[in-house]
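The values are calculated or read from the model by the stated rules, or taken from the named source; none is laboratory data. What you are looking at is a predicted structure, and each value in this text was computed from that prediction instead of being measured. Here Cβ is always computed from backbone atoms with ideal geometry, including for glycine, and neighbour counts include all displayed protein chains.
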Number of protein chains: 2
Amino acid sequence: MEESNGKEERIKGEVLFKGRMLRLEQDVVRLPNGREASREVVRHPGAVAIIALQDQHVLLVRQYRYAIAQETWEIPAGKLDLNENPEACAQRELREETGYRGTMEHICSFYTTPGFTDEVIHLYFARDLVWDPLAPDDDEFIDVEKVLWDVAVLKAQRGEFNDAKTMLGILLVKGLIG
Amino acid sequence: MEESNGKEERIKGEVLFKGRMLRLEQDVVRLPNGREASREVVRHPGAVAIIALQDQHVLLVRQYRYAIAQETWEIPAGKLDLNENPEACAQRELREETGYRGTMEHICSFYTTPGFTDEVIHLYFARDLVWDPLAPDDDEFIDVEKVLWDVAVLKAQRGEFNDAKTMLGILLVKGLIG
């Protein structure tokens, strides 16, 4: 192994935009070679995503995603509220989006795209689901679909979901439960 | 299956920031229930990522990621240049980051985080690698590591990489080649 290349030191920066969900920062950094460079960073509160299994089915949500101008099938997911515990957030989002609560097992956490954002997703595995709905967000329009687990696994293995966390979550849990 | 919830119609919008890599837009949309809502969208040129195998090893790059203030181990990846073909981009990025070119097989394409950005990653599987380096980007400081494929697979199955595309790419290719 070679030496680490060392970090990039922040020289200065400014907040270009602070929105409902995102904060955009533009920083000037000192590179390992002494030169300066600009870094655009989208600050995000972090999120959770949940693989929820019930009777050999996985709960997926179908929703219109404005950023990509199409409908997606995704595992339930949502942003952390301020100071919210990730497991509590996973339970809340599962109840809001699907109506169910379950036992929550943390699988792993990962960055969605570390080249430009600090968004982290905490992935949970929910089982022993019981009906215990919470009112969803006002502006969220989603349908819940129960999809055969084996079908979802096959779709993920074939790369047929277009959402990274959905395929990754399914493949990771498939590895756990065989 | 239930009816689709329909799309969100753009009413108006503005470009809040146009940077080197990202464009931040804030739009007002009409929801399916007739109400208006704000949508923050990070427009991204799209990217490629490459699983490159050689002699039972996978090529990983180690680099400091400013957005998350830590070093990561990731599969080679990079942004599309304007009008660049994804496969040509994958070859270019592999040569720039690792020095190798290879045969390129498209595995699938996915959105990294469709809740707020249109960034898509085109995933490629590179084999039959030959040494054919291209000069890397001036501001990129990366180390290349050859990691035993079986070790990388185990790390991905355990959720031990912190980068989504790296784990997803490894698990998808593992499913292909057994």
TODO: Select from segment B:128-152 the residues that are of a type in the set (A, V, I, L, M) and either under 17 Å from the mean Cα position of the chain (by Cα) or surrounded by fewer than 18 Cβ atoms within 10 Å (Cβ to Cβ) (or both) and write down the one among them that is farthest from the other protein chains (Cβ to nearest Cβ).
DONE: B:Val130
- [ ] Look at A:Met21 and say whether it is in contact with an Asp or Glu (Cβ under 7 Å, 6 or more places away or on another chain), among the hydrophobic types (A, V, I, L, M, F, W, C) and not assigned by TED's automatic domain parsing to the domain that holds A:Trp149.
- [x] yes
Task: Count - residues of segment A:148-162 that are within 15 Å of A:Val58 (Cβ to Cβ) and either touching a Phe, Trp or Tyr at 6+ places or on another chain (Cβ under 8 Å) or free of Cβ contacts under 8 Å to residues at least 12 places away in the same chain (or both) - done: 5
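Would you say B:Ala37 is in a strand (DSSP E or B), touching a Phe, Trp or Tyr at 6+ places or on another chain (Cβ under 7 Å) and not acidic (Asp, Glu)?
Values: in a strand (DSSP E or B): yes; touching a Phe, Trp or Tyr at 6+ places or on another chain (Cβ under 7 Å): no; not acidic (Asp, Glu): yes.
No, not satisfied.
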Open item on the list: So the check is Cβ under 7 Å with 6+ separation or different chains; which pairs have a first residue in segment A:95-117 that's in a strand (DSSP E or B) and a second one that's polar (S, T, N, Q)?
Closed with: A:Arg101/A:Gln91; A:Met104/A:Gln91; A:Phe110/B:Asn162; A:Tyr111/B:Asn162
Open item on the list: Condition (residue is assigned to a strand (DSSP E or B) and under 29 Å from A:Tyr124 (Cα atoms)) applied to segment B:151-160: is it met by at least one residue?
Closed with: no
Task: Single residue of A:Leu16, A:Leu60, A:Leu53, A:Leu82 found to be outside any helix (DSSP H, G or I) and touching a Lys or Arg at 6+ places or on another chain (Cβ under 6 Å) - done: A:Leu53
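Tell me which residues, restricted to segment A:38-67, are under 22 Å from A:Leu171 (Cβ atoms), facing chain B (nearest Cβ under 10 Å) and either crowded, with 22+ Cβ neighbours inside 10 Å or free of Cβ contacts under 8 Å to residues at least 60 places away in the same chain (or both).
Residues satisfying the conditions are A:Ala47, A:Arg65.
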TODO: Run B:Pro32 past the list (1) without any contact (Cβ under 8 Å) to a residue 24 or more places away in the chain; (2) surrounded by fewer than 16 Cβ atoms within 10 Å (Cβ to Cβ); (3) within 11 Å of chain A (Cβ to nearest Cβ) and report the number of the one that doesn't hold.
DONE: (1)
TODO: Could you please give the count of residues in segment B:7-54 that are within 21 Å of the chain's Cα centre (by Cα), within 20 Å of A:Gln70 (Cβ to Cβ) and of a type in the set (Lys, Arg)?
DONE: 2
